Amino acid sequence: METEEIDKNKIAADIFAEFFEVALHCILYTRRLYPAGVFERRKKYNIPVQICFHPEVSQYVANVVDSVKQLMEQKEMEKVVVVVFNKQLQPVERYIFEVVSPGKKNSEDRFLYQLEQALRAFLLKLNVCDSLLSSLPEDNTWTVQVHTKNSAAERLHDYQIVQDFPWVLADSSETELPTPTLIPLKAVDSDLIKMQLYVEESGFKTGHS
């Protein structure tokens, strides 16, 4: 792998990791997965966002983002998914961030202004996605699933031992929604990142099929 490509991968991973961290907090707040009182208002990408300051949540998010960043630097991540479960532990919503390597481009976005604008638009979409989705049932839980290439499994296993942050293989019942509705939110295709974000919503949210 050439040095220029390695540097490009690292920059892309840094940008995505920073964005995904904010986006994850945005989902937690917008879908009311925690009380509003554990969030504080900050400014990212020149827009107000809500960040959860609960220590355990903050640490979990930081560990997830760090792992995602490592995998993306190595071009071993295909997508990262935020999954919301009902109290029966059935998945009811999936927020899918699909990331692929962009094609060769000669963009004039040297200072990443257009990319920042695009990421801001992603967050604005997430802020209003509540109006596109039906209400969640009570007592929800959530997790993050990372879809990787097969070659990443051993690397992630070694990495999690060092970081004491275990990743486990998800069962198909945790990764698939019954009768899902697909809701596209946003896409971007830049020199560094080609990404699309969409939501899958289950045909039921009450725990009854």
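3J(HN,Hα) along region 92-98: 10, 9, 9, 9, 9, 9, 9 Hz, from the Karplus curve 6.51 cos²θ - 1.76 cosθ + 1.60 with θ = phi - 60°, whole Hz, x for Gly and Pro. Taking each residue as 0.36 nm, the span from Q114 to Q88 lengthens on full extension beyond its C-alpha to C-alpha distance by 5.1 nm.
Could you line up K87, K125 from fewest to most neighbouring Cβ atoms inside 10 Å?
On the way: K87 12, K125 17.
Going from sparsest to densest Cβ surroundings: K87, K125.
Using the Karplus relation 6.51 cos²θ - 1.76 cosθ + 1.60 with θ = phi - 60°, the per-residue 3J(HN,Hα) values for region 10-15 come to 5, 4, 4, 5, 4, 5 Hz, with x marking Gly and Pro.
Checking the table K75/K194; K79/K194; K43/K186; K69/K125; K10/K194; K8/K75 against a 18 Å threshold on Cα-Cα, which pairs fail? Exceeds cut-off: K43/K186; K69/K125.
Quick note: the coordinates plus some simple rules give every number you see, no bench work behind them. Since we're looking at a predicted model, the values are computed, not measured. We place every Cβ from the backbone using ideal geometry, glycine too, and count neighbours over all the protein chains shown.
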